[in-house]
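For reference, the structure is listed below as structure tokens.
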Amino acid sequence: MINIKDLFNIRIGNISPKNPIALAPVAGITDSKFASRFKNAGLVILGGYNLDDRTNKAALKEIARGRREFVSDEPMEFLRSELEATEGLTTIAINVRAAAIEPFIEAARITKEFDAILEINAHCRQPEMLELGVGEALLKDTPRLCDYIREIKKTGVVLSVKTRANVVNDVELARSIRNAGADIIHIDAMQTQNNMNAHGSMHIHNAVNTHMNTHSAIHTRGAIHKQGMDTGVIKRIRNSTDLFIIGNNSIVDFESAKEMFSHGADMVSVARAALSNPGTIDYLVDEVYSLQSLTGWYNAPKHICAGGDLRALAFCCLPVKPCALHSALKQAGISAEEFMRIKTDFARKTPIEYGEGTCFGSMTWCCKITKPCFLRDGVLEYTGLSDVEYMHIKKRLSEYILKHRKK
Ligand SMILES: Cc1cc2nc3c(=O)[nH]c(=O)nc-3n(C[C@H](O)[C@H](O)[C@H](O)COP(=O)(O)O)c2cc1C
Ligand code: SF4
Ligand code: SF4
């Protein structure tokens with residue numbers, strides 16, 4: 001396993017996960033014991049834990065009808081013992097449910113002591129939890145969710161909110177939780193059934209990829225829908241907030257992970273595929289280390305014309321032809337003239353200013369490194385710029401362009 005310290009340079013507040021692959025929470029399963037085999041993951045999300053009497057009682061009712069849950073008479077002691085048991089493993093987050101704010105605050109204080117991340121579960125849709133106003137009920141009560149966030153953030157803990165896509169307006173939700181002070185949005189980018197039918201997604205009962213053995217079906221919640229993820233949600237949130245985004249749903253191989261990354265996810269998380277084949281996480285970690293070592297920008301966007309988010313303006317051509325660039329610029333509130341000036345100003349005195357023989361005479365307007373092009377590669381070789389250095393400059397260029405957006 002490749003393990004170059006800080007290859008990814010990921011920062012979320014004072015927390016620096018070593019890579020962008022996470023184990024997602026699965027109630028009743030992902031505790032400290034289960035997590036111990038996932039030390040290579042950049043983030044392990046334990047839980048979901050129930051923090052008060054009411055959620056523990058609701059969980060008992062769920063158990064009575066056959067679901068798995070973590071239940072405890074001493075939830076805070078349990079939380080502390082789970083954090084102690086995972087100390088030093090990797091970056092840890094704790095996914096939690098509570099029917100009032102106080103237990104969240106207490107849990108946040110304990111979590112912060114361990115330099116871990118607290119994650120509000122605004123995702124669960126078990127009826128016993130919804131009745132208490134817990135889980136997905138919070139998505140439909142954004143003012144209360146935002147009050148929770150503001151109060152919890154007073155403890156100084158790094159805070160994630162786990163959401164389910166396509167329940168409410170995801171962009172408005174993301175903006176609200178950002179404004180309230182959350183650091184991370186962890187999105188289960190689940191397609192609605194209508195979307196799935198429209199996109200003709202494929203049922204896979206055996207997730208297969210070229211590097212892993214075929215692994216068996218995941219029956220915890222039915223088969224995983226490969227391409228069942230709604231990457232459009234990830235892109236819309238990327239285009240509207242600077243929240244750290246953990247993309248989740250139907251990650252079964254590196255192709256599906258790359259789909260999430262190239263639409264704007266900073267990290268991806270895996271639940272069912274990690275249960276059926278724990279090797280999935282190590283495999284994804286290896287692949288993403290290779291990608292980052294070769295390209296320097298593991299979550300580089302697709303080109304705008306291939307459906308990429310606004311960061312991809314860094315790869316756009318001179319605005320001289322009718323194409324998707326113009327609607328992207330409109331979305332960003334940047335005119336074509338400003339776009340030319342912004343990119344040219346940035347590129348001046350950087351090696352991408354050069355580009356004799358490329359389409360537009362400067363690599364400022366050149367494509368992503370993964371798009372094969374002998375013209376650009378010839379200039380890279382001539383100027384002694386590596387692929388990774390080229391992409392690092394393009395990444396900075398994308399940040400520079402987006403600093404100038406007016407919308
Ligand atoms: C049995 C089961 C239990 C789950 N429990 C939780 C939970 O406690 N908290 C939570 O935020 N998500 C929970 N999830 C959702 C997963 O974290 C994840 O969002 C979902 O399974 C989609 O990701 P996947 O396609 O990688 O499985 C659960 C999922 C399953 C299948
Ligand atoms: S400017 Fe070039 S890269 Fe950008 S959308 Fe148009 S054709 Fe695609
Ligand atoms: S020279 Fe190659 S990399 Fe540059 S804009 Fe043209 S096709 Fe893209």
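Each value in this text was obtained by applying a stated rule to the coordinates, not by laboratory testing. It should be emphasised that the depicted structure is a prediction, and the values quoted were computed from it without experimental measurement. Counting neighbours? That spans all protein chains shown, and the Cβs are built from the backbone with ideal geometry, glycine included.
Count the DSSP beta bridges whose two residues both fall in the stretch 1-99, then state the antiparallel fraction as a percent rounded to the nearest 5.
Values: 2 of 11 bridges.
Bridges in the stretch 1-99 are about 20 percent antiparallel.
For the chain, modelled as a Gaussian network with Cα springs under 10 Å, which listed residue fluctuates most, Asp31, Asp253, Asp377?
Highest fluctuation among the options: Asp377.
With the crude spin-label approximation of a point 7 Å out along Cα→Cβ, what separation in nm comes out for Arg396 versus Thr192?
Going by the 7 Å Cα→Cβ label model, 4.4 nm.
I'd like to know which of Ser256, Thr350, Tyr49 lies farthest towards the positive end of the charge dipole of the chain, counting +1 on Cβ of Lys and Arg and -1 on Cβ of Asp and Glu.
Going by the Cα projections, it comes out as Thr350.
Please enumerate, by chain and number, the lysines with C-alpha under 27 Å from the C-alpha of Lys140, excluding those fewer than 8 residues away in the same chain.
Within the straight-line limit of under 27 Å, Lys140 reaches these lysines: Lys57, Lys61, Lys153, Lys154, Lys162, Lys235, Lys407.
Treating only the Cβ of Lys, Arg, Asp and Glu as charged (+1, +1, -1, -1), what charge dipole size does the chain show about its Cα centre? Round to the nearest 20 debye.
Result for the chain is approximately 1160 debye, rounded to the nearest 20.
Grab the beta carbon distance between Ser293 and Val168, set R0 = 30 Å, and tell me the FRET efficiency rounded to 0.05. Intermediate values should be presented prior to the final figure.
Working: r = 39 Å, r/R0 = 1.30.
The pair Ser293/Val168 has a calculated efficiency of 0.15.
Treat each spin label as a single point 7 Å out from the Cα along the C-beta direction, and report the Glu338 to Arg144 distance in nm.
Inter-label distance under the simple model: 4.1 nm.
Report the full-extension gain for the segment Glu255 to Ala64: residue separation times 0.36 nm, less the Cα-Cα distance, to one decimal in nm.
Values: separation 191, 0.36 × 191 = 68.76 nm, distance 3.85 nm.
Result: 64.9 nm gained on full extension.
Please compute the modelled spin-label separation between Asp387 and Leu89, points set 7 Å along Cα→Cβ, answer in nm with one decimal.
About 3.5 nm, to one decimal.
Mind checking the stretch 313-386 for GluC sites (Glu not before Pro) that DSSP puts in a loop (not H, G, I, E or B) and that have at most 12 other Cβ atoms within 10 Å? Display every interim value, and only then the final one.
Details: sites: Glu337, Glu338, Glu353, Glu356, Glu381; in loops: Glu356.
Counting only loop positions with at most 12 other Cβ atoms within 10 Å, the GluC sites (Glu not before Pro) in the stretch 313-386 are Glu356.
What does the C-alpha gyration tensor say about the overall shape of the chain? Classify as rounded when a/c is under 1.5, otherwise prolate if a/b is larger than b/c, or oblate.
prolate
Which residue, Asn14, Asn166, Asn277, has the most motion in a Gaussian network model of the chain that connects Cα atoms within less than 10 Å?
The residue with the greatest mean-square fluctuation here is Asn14.
Looking only at the chain, where both bridge partners belong to it, what percent of the DSSP beta bridges are antiparallel (to the nearest 5)?
15
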